[in-house]
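> Would you mind keeping the following structure in view while I ask a few things?
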Amino acid sequence: MSVARLIETFEPSKYQILLNLSNSKERIFTGKVIINGDIKNDNFFNLHSKALDIDFIKVNNINCEYKEKSEDEISIFSNRDNKFDTVSESTVEIGFKGKINDSMHGLYPCYYNDGEERKELLATQFESHHAREVFPCVDEPEAKAIFKLTILTNDNGEKVISNTKVEQETIIDGNIRKVEFEETPKMSTYLLALVVGDLHKKTKLTKSGVEVSTWATKVQSKDLLDFPLDIAVKVLDFYEEYFKEKFPLSKCDHVALPDFSSGAMENWGLITYRETAMLAGEKHSIADKRYVATVIAHETAHQWFGNLVTMKWWDDLWLNESFATMMEYYAVDNIHPEWNVWQDFAVNESIISLRRDAIDGVQAVRIPVHHPDEINTIFDGAIVYAKGARLMNMLREYIGDESFRNGLIEYFKKFKYQNTIGNDLWNELSIASGKDVKSFMSPWLEQPGYPVVKADKKGNILSIEQKQFFTSEHNDMNRKWPIYIASNIKELPEVFNNSYLEVETGEQLVRLNQKNVSHFIANYKGSLRSELLKNISSQDVVSRLQFLQEQSLLAKAGEISSSEHIATLNEYRNEESLNVWEMMSLLLNELKIFVDKDTLEEAKIRLFVAKLSSNLFKKLGVAEKENDSDEDIQLRPLILANMVFARNEKALNDIRAIYNNAKNIEDINAEIRSVVLSSKVRNDEDDELISNLLEIYKTTNSVDLKDDIRGALTSTTKEETIKMLLTIVMDENIVRAQDIASWFVHLLRNRYAQKTTWKWLKDNWVWLENKFDGDKSYDDFPRYAGAILNSEELLKEYSQFFAPMKQMPSLARAIEMGERDIEARVKLIKRDKQAVLEELNKIV
Ligand code: BES
Ligand code: ZN
């Protein structure tokens, strides 16, 4: 399938758009657009237009015939006597009407409650190709133009915000407000945005005088706007200095929206967010604040990388997203070095990409996109974001910070207000570094998967060997990569290009991929492994967590037995680092799949978890202490959750006391609130508890509290509660569409709820399809199920159920990958179960 590029028939330079939203309550709007641009052919040209009613089209003031060419294109024809002018610029004028619906793209309403009153606001989401649902245009990233927007709304005091500042505001016809915005810079249609609603804000200037504001609905306390504002100002300052390129607009707004399909969107000068991704205040957990900071850093990076310079076509979307994901860490690390966010990078982006990228059938980072509809299908966050970010970071390490930055500065200077392909960036980075960036990066971007490097030592001969790493059934294509080896062994080359290599070395401990900067895993053999494990507690944080990551993956591939995890974890018994503990929890969770619930073996795992966690539990306790470090504060809920899993009486009682002493749930310290509530539901569930939690879920506007309650409710072990929850998930007055997938994963992960939840998915697929078809999170459902289900029987059911959906391009890959994922898990259990149980039985 391929789609004609409309820019080949018409190249716009400026849009003057008038939208009348004064009847938005009736779910309709009207509009007029005047487009200046070059018509390429004197007979006809095409524009994107989807679900719009066209009233008239004039070209250079002459009425023209037009017809709907497809669901989202119209063709406009010249008269026999009046051929289109293909020499000088033309003016196209179109009158149209449109509808507003709850799809969360195009122009859509967001709902929220203010006490008893149900309120709404209007927002837009145009990426990747939804501008065409609001006005006729050439809706392609390459068709950059200037936009001059005018909005008509009711004169009711609501705020009207767009990419640029308001130029003029007047009242017409007594009660209609006309808001005219300044012209935008030359930019792509997908970055245009508008928000209309009863909002409040906080504002601050950057060093260079850009007016930065954070906005939310008035039911959100204004205090929640300070933290994001502080970060937003600092990251903007940082990028202006780092890229040596001024932010071209005079203001940048950040708005938290009650209904939002993805996490956040980088519209130029008007960045929009899901509320949980932007709002954070004094009472929010440290983890919430860090998350908010990284999201803001991500979207602000796009203001340059994506907005100022834009990919030519969607097949280079990865370039936008990989870069912005890497910059999240780079920018936040600069603002808050004490947060050590590169350690988070080594945990988050690594494990998610390394796991996904080891399943055969995974996509490469860069894959062709013919139609924008296909974007939804390439949207594998583990690859396009996480792996891509790791590759960008690897490149930065390989060519060095300074060359990386100098290359970027040149790139922005040369290509601002234009479009690029990946090679344009590689060229600038090559010039800046003197290294051949393209040949280094291409194998990583164009090939799926990654290598495992086996390291062995016989006498003083160290050998390394690369092979593609798989955890699933696979077809080995003999792929090879130029591996940035990042070793402490100076006899090894900087880049390992071959299949096999031997070098003579001395006695030291061998480390590959130091700082976890490269996208491969090491498989240390024999004494290399045992020496490293013996000395693991003296290694740095990233090495410690990386070793666990590698062990987890190697076990999945059958290279080692999962039973070895127990001895490995034993070496970590004095561990106190949060990030390492996150990986330890992951390994512990991996052991849980080998035991059935409520068995003796499960009890042994509980014992093991208690043994590993109890020293820290003694040290940290449940309540926050005066001299707690940030790390202590974040480690506490993790250790507490372990002790709850271990059914430790003291932990359970301490938690009960916290719950009982709190006047209301909001008062429980946000750092431990989630564990406290989940533990209550898991261990002390009764009707009153559930109905209380549910009532708060329905009425509170505090989104972090809602997340914690969702976590708690989905921890239930009671069948009737599970059934009740699965009905409220479908009640749009209780659970927002944006949150359904998250409810689903939580329930599916809960061993007590898995069966019923899986059945729910099958029974309600048509409902889900109607709700999410066309949304980029549609394939999350088969993807999540594939990542969780773990028996032969469920594999069969999964395959049977999804077989007919395999024809759908939007689901095919997720389903195929899901099957392989479950199949690999089933095999792993078969392979290692006995050994794991034996090892567990040694625990007393
Ligand atoms: N530009 C994306 C959002 C997007 C991409 C919307 C493609 C529609 C189509 C935005 O910059 C983004 O990446 N958002 C992330 C959150 C981010 C912090 C990782 C998201 O929404 O998941
Ligand atoms: Zn992004």
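> For the chain, with the dipole built from +1 on Lys and Arg beta-carbon atoms and -1 on Asp and Glu ones, taken about the Cα centre, which of 742, 777, 459 lies farthest toward the positive end?
Selected residue: 459.
> Oh, and also: Sketch the reach of a paramagnetic label on residue 80 as a point 7 Å from Cα along Cα-to-Cβ, and name the residues of the stretch 30-66 whose backbone nitrogen lies under 16 Å away.
43, 65
> Along the charge dipole of the chain, which of 62, 77, 145 sits closest to the positive end, that is, farthest toward it, with unit charges on the beta carbon of Lys, Arg, Asp and Glu (+1, +1, -1, -1)?
So the residue furthest toward the plus end is 145.
> So for the stretch 244-309, what are the equivalent ellipsoid semi-axes in whole Å, largest first, each being the square root of 5 times an eigenvalue of the Cα gyration tensor?
22, 13, 10
> If you don't mind, another one. By how many degrees, between 0 and 90 and to the nearest 10, does the Cα long axis of helix 341-356 differ from the longest principal axis of the chain?
90 degrees
> How big is the Rg/Rh ratio for the stretch 451-536, C-alpha atoms only, Rh by Kirkwood, two decimals?
Numbers: Rg = 12.8 Å, Rh = 13.4 Å.
That ratio is 0.96, to two decimals.
> How big is the dipole moment of the stretch 1-197 about its Cα centre under a simple scheme where the beta carbon of each Lys and Arg is +1, that of each Asp and Glu is -1, and everything else is neutral? Debye, nearest 20, please.
Values: 24 positive and 34 negative charges, 22 e Å.
Roughly 100 debye, rounded to the nearest 20.
> Could you sort out which of 706/759; 289/706; 592/830; 148/202 sit more than 21 Å apart by Cα distance in this structure?
Working: 706/759 25 Å; 289/706 16 Å; 592/830 14 Å; 148/202 26 Å.
The answer is 706/759; 148/202.
> Here's another thing I want to ask about it. Please give the contour-minus-distance gain from residue 53 to residue 525: 0.36 nm per residue of separation, less the Cα-Cα distance, rounded to one decimal in nm. Show your work: numbers first, answer last.
Numbers: separation 472, 0.36 × 472 = 169.92 nm, distance 6.73 nm.
Taking residue 53 through residue 525 to full extension adds about 163.2 nm, to one decimal.
> Could you order the peptides 769-779, 167-177, 659-669 from most to least packed, using the average number of other C-beta atoms within 10 Å per residue?
769-779, 659-669, 167-177
> Whole angstrom only: what separates the Cα centroid of the stretch 247-319 from the Cα centroid of the stretch 829-844?
46 Å
> Okay, next question. Let me have the 222 nm mean residue ellipticity of the chain computed from DSSP H runs of 4+ only, each contributing -39500 (n - 2.57), with the sum over all residues rounded to the nearest 500. Mind showing how you got there, number by number?
Numbers: 27 runs with 351 residues, N = 844.
Rounded to the nearest 500, the figure is -13000 deg cm²/dmol.
> How large is ³J(HN,Hα), in whole Hz, for each residue of the stretch 506-515 in order, when computed from phi with the Karplus curve 6.51 cos²θ - 1.76 cosθ + 1.60 and θ = phi - 60°, using x for Gly and Pro?
For the stretch 506-515, the Karplus-derived couplings read x, 8, 5, 4, 8, 10, 10, 6, 4, 6 Hz, x marking Gly and Pro.
> A follow-up question, please. Return the distance in nm (one decimal) between the two label points of a simple spin-label model at residue 439 and residue 68, each offset 7 Å from Cα along Cα→Cβ.
The two pseudo-label positions are separated by 5.3 nm.
> If you don't mind, another one. So what J values fall out for the stretch 259-267 if you push phi through Karplus, 6.51 cos²θ - 1.76 cosθ + 1.60 with θ = phi - 60°, rounded to Hz, Gly and Pro as x?
The phi angles translate into 10, 8, 5, 9, x, 6, 9, 7, 2 Hz.
> Taking the Cα atoms only, what angle lies between the long axis of helix 437-446 and the longest principal axis of the chain, rounded to 10 degrees?
80 degrees
> Restricting to Cα atoms and excluding each atom paired with itself, what does the Kirkwood estimate give for the stretch 1-67 in Å?
Answer for the stretch 1-67: a Kirkwood hydrodynamic radius of 13.9 Å.
> Place the peptides 583-595, 502-514, 702-714 in order of packing, highest mean first, counting for every residue the other Cβ atoms within 10 Å and averaging per peptide.
702-714, 583-595, 502-514
> With charges only on Cβ, +1 for K and R and -1 for D and E, what is the dipole size of the chain about its Cα centre, in debye, rounded to 20?
1160 debye
> Report the percentage of all Cα-Cα pairs in the chain whose separation exceeds 45 Å, rounded to a whole percent.
28 percent
> Additional query: Using +1 at the Cβ of each Lys and Arg and -1 at the Cβ of each Asp and Glu in the chain, identify which of 445, 334, 726 lies farthest towards the dipole's positive end.
Value computed over the given set: 445.
> A further question on this structure: Suppose R0 equals 30 Å; then what is the FRET efficiency for residue 60 and residue 168 from their Cβ-Cβ distance, rounded to the nearest 0.05? Don't jump to the answer; show the numbers that get you there.
Values: r = 28 Å, r/R0 = 0.92.
FRET efficiency, residue 60 to residue 168: 0.60.
> May I ask which of 251/414; 387/438; 387/827; 454/490; 83/186; 650/680 have a Cα-Cα span longer than 20 Å here?
251/414; 387/827; 83/186
> Compute the long axis of helix 541-556 from its Cα atoms, compare it with the longest principal axis of the Cα atoms of the chain, and write down the angle in degrees, 0 to 90, nearest 10.
In the chain, helix 541-556 runs at an angle near 80 degrees to the longest axis.
> Per residue and in Å³, how big is the convex hull formed by the alpha-carbon atoms of the stretch 232-355?
Normalising the Cα hull of the stretch 232-355 by residue number yields 124 Å³.
> Suppose we keep just the alpha-carbon trace of the stretch 310-446; what are its Rg and Dmax in angstrom?
14.9, 44
> Tally the DSSP beta bridges in the chain and give the antiparallel ones as a percent, rounded to 5.
Close to 80 percent.
> Order the peptides 276-287, 411-422 from the highest to the lowest mean number of other Cβ atoms within 10 Å of their residues.
276-287, 411-422
> Each residue of the stretch 667-672 in order: what ³J(HN,Hα) in whole Hz does its phi give by Karplus 6.51 cos²θ - 1.76 cosθ + 1.60, θ = phi - 60°, with x for Gly and Pro?
Whole-Hz 3J(HN,Hα) from phi for the stretch 667-672: 7, 5, 3, 4, 5, 10.
> Given charges of +1 on the Cβ of Lys and Arg and -1 on the Cβ of Asp and Glu, with all other atoms neutral, how large is the dipole of the stretch 714-844 about its Cα centre, in debye to the nearest 20?
380 debye
> Something else now. If the cut-off is a Cα-Cα distance under 12 Å, which aspartates and glutamates reach residue 99, setting aside same-chain residues fewer than 8 apart in sequence?
Cross-link targets: 26, 53, 133.
> Under a crude label model (7 Å from the Cα following the beta-carbon direction), how far is residue 732 from residue 223 in nanometres?
Roughly 3.5 nm, to one decimal.
Each reported figure results from applying straightforward, stated rules to the coordinates on display, with no laboratory input. Since the structure is predicted, the reported quantities are computational estimates derived from the model, not experimental observations. Heads up, the Cβs are rebuilt from the backbone with ideal geometry, glycines too, and the neighbour counts pull from every protein chain shown.
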